[in-house]
Structure formats: structure tokens, C-alpha cells
Amino acid sequence: MRNKNQFLRMKQDQEKIAMITGYDFPSAKMAEEAKADMILVGDSLGMTVLGYDSTIPVTIEDMVHHGKAVARGAGDTFKVIDMPFMSYHISIEEALKNGRRLYQETGAQALKLEGSGEVAEIMSKLVHAGIPVVGHIGLTPQSVNVLGGYKVQGKDREAAQRLLDEALEIEAAGAMAIVLECIPHQLAEVITKRISIPTIGIGAGAECDGQVLVYHDILRYGVERLPKFVKPYVDSNHLLGEAVQTYVNEVKSKAFPEEQHTFTMDVSVLPEE
Ligand code: KIV
Ligand code: NA
């Protein structure tokens, strides 16, 4: 399993960090077999596997449940797990309590928190307690209703400066990496050069130290509309949808099951009809 220092070295050596989300046993296993450097147990699971329309309804219990399944599928891969909506905003005590629970019960190697400012203070407390943390700035989906929608961040002078300041603040808080979501690639490049910890981009261009995408998005699995920054590598909706349809049709038409799917026995021992 990789560790924090190896990720730092990868940045220095300009070796890209490949991260993908994982939510359950099979997705985690697939990411590990593909030798992804990191798996993110993202609170995007609220959308991808639980069917909510944002990450806001996701609870600590949801994260623990899925985080444990991911750990069973990817025991040898570095796992980052999201602290969900409002689990780190009520008080420092509550944030530490929730952080401890996610970290200890799932066996993830780091926690990810969205935002800066007061959140950076929480991050430094978590790091102080021995828990590695990853930052997340730019488009922060837990704040979608404050941001006014899912849109590109940091495009004007003030917003760009603010994002750089946030990145520096998160680095100073002791974070081991920062996710940059949905910002122009030129700004991501400036941030990447100005901080010593790795940047992991999603919709933040090729200059980031690593990339992260959502498992269901790259597989086009259960999602219809994909954001511009996603590259789908297969069309699972079509591929898997067709397989499920054929199964249903074959049951109806009695084409399934066939002899090779069937058990048999000596009929003389059968009870009378
Ligand atoms: O929850 C998630 O999937 C994320 C990534 C998109 C960065 O936070
Ligand atoms: Na997330």
C-alpha cells in the first residue's frame, strides 16, 4: 500500500496519481486490480448508489457501511473516505468524534473534508490526533446550494486568488493532498506549482498531480448525463441493460434455463405426484 510520503514523492517525480471512487466490494476490488493509487469512498455514493439527487442526505452511517465494504474489496489500496454533510461543522468535538469513527471503523487511511477556514482548523485537529486528511476545494458539492449550482469555480480574479489562498491554508493545516474540483486548468496549474502537497483534479485539467473520477461515470453505469470533465470508457447502461433485458425475455420465452443450468436426479426416488 502506498503512503503519504510516496504520494509526495510522486508529485516531485511528476508521476501521476490515479484515483477512482469505490463504494462497495466489487468496485473496490476492480480499482485495486487496476492498481489505482488511491480509492475515494466518496459521498457521491449518495447519488451513484443510493439514488439521492445530491450528497446532502448522506450520513455517517452510510459512509461507514460503504467504507467497510470497500475495505473488504481493496485491503492493499490507500483509501480516502469523505466526511459527509454537516458531520464536521457543528463543533470541534463532534467533528473529531465523527472523524474517529470513520477512520477507525472503516480502516480508511485518510479522511476528506470540503472547504477551508474553520474546516482547515478541524483538519489540523484531526492531523494532530494522527488522522491524515485530504482537502477539497473549488466546486464543493456539499455546499451546492450556497454556490448556486454545479458550476466551474475560480474564474474571476478574486475567486482565483481565494482558491489559491484556500489551498495554501489547507496545506498549512497539514493536509496530505487536495482535491481541486471544477476549476480552470490554468488556475489548477498555479495552485499545483505553489503548494508542496499533491493536487488531485476532477474537472481541473491535466496539470494537477493526479486525477480522480467517479466509478459510475467512467463506466456510464446508472448515470444518464455526464459532466464535461468525464471520459466514459464503456457504456455499461447499454451493455448491462441489454444483458438484463435478454435474461428477462428468455425467462418469459422459456429459453432459459437450459439443460446445462439444471440439476438432475434418479427419478425412481421421487415422491409420487
Ligand atoms: O464524492 C466524490 O466522489 C468526490 C470526488 C468527486 C472528488 O468527492
Ligand atoms: Na465527495
**Report entry** Filtered residues of region 171-187 (kept if touching a helix residue (DSSP H, G or I) at 6+ places or on another chain (Cβ under 8 Å) and over 15 Å from GLY201 (Cβ atoms))
**Finding:** ALA172, ALA173, GLY174, ALA175, MET176
Report task. Tell me, please, whether a residue that is in contact with an Asp or Glu (Cβ under 7 Å, 6 or more places away or on another chain) and either farther than 21 Å from LYS16 by Cβ or not small (Gly, Ala, Ser) (or both) can be found in region 233-249. Result -> no
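A quick yes/no check of all residues on (1) aliphatic (A, V, I, L, M); (2) over 30 Å from TYR52 (Cα atoms):
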site	(1), (2)
GLU181	no, no
ALA204	yes, no
VAL214	yes, no
PHE263	no, yes
PRO271	no, yes
Requested in this report: Please tell me if CYS208 is of a type in the set (A, V, I, L, M, F, W, C) and within 16 Å of ligand 2 (Cβ to nearest atom).
Outcome: no
**Report entry** Selection from region 23-56 of residues that are within 28 Å of SER143 (Cα to Cα), away from ligand 2 (no atom under 14 Å from the Cβ) and acidic (Asp, Glu)
**Finding:** ASP24, ASP37, ASP53
Report task. Could you tell me whether GLN153 is surrounded by 17 or more Cβ atoms within 10 Å (Cβ to Cβ), in contact with an Asp or Glu (Cβ under 6 Å, 6 or more places away or on another chain) and farther than 25 Å from ASN3 by Cα? Result -> no
Report task. Could you tell me whether any residue of region 68-77 is more than 24 Å from ALA167 (Cα to Cα) and within 14 Å of ligand 1 (Cβ to nearest atom)? Result -> yes
Query raised in the report: Mind checking which residues of region 57-74 are within 11 Å of ligand 2 (Cβ to nearest atom) and farther than 28 Å from ASN5 by Cβ?
Result: VAL58
Query raised in the report: In region 127-137, is there at least one residue being closer than 25 Å to LYS228 by Cα, in a strand (DSSP E or B), in contact with a Phe, Trp or Tyr (Cβ under 6 Å, 6 or more places away or on another chain) and in the same structural domain as GLY42 (by TED's automatic domain parsing)?
Result: no
Report task. Might you check whether a residue that is within 14 Å of ligand 1 (Cβ to nearest atom) and either in the same structural domain as TYR221 (by TED's automatic domain parsing) or touching a Gly at 6+ places or on another chain (Cβ under 9 Å) (or both) occurs anywhere in region 2-10? Result -> no
Query raised in the report: Just for region 100-124: of the residues that are free of Cβ contacts under 8 Å to residues at least 40 places away in the same chain and part of a helix (DSSP H, G or I), which one is nearest to ligand 2 (Cβ to nearest atom)?
Result: VAL119
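The values are calculated or read from the model by the stated rules, or taken from the named source; none is laboratory data. In this text the structure is predicted, and so the values were computed from the model without any measurement. Here Cβ is always computed from backbone atoms with ideal geometry, including for glycine, and neighbour counts include all displayed protein chains.
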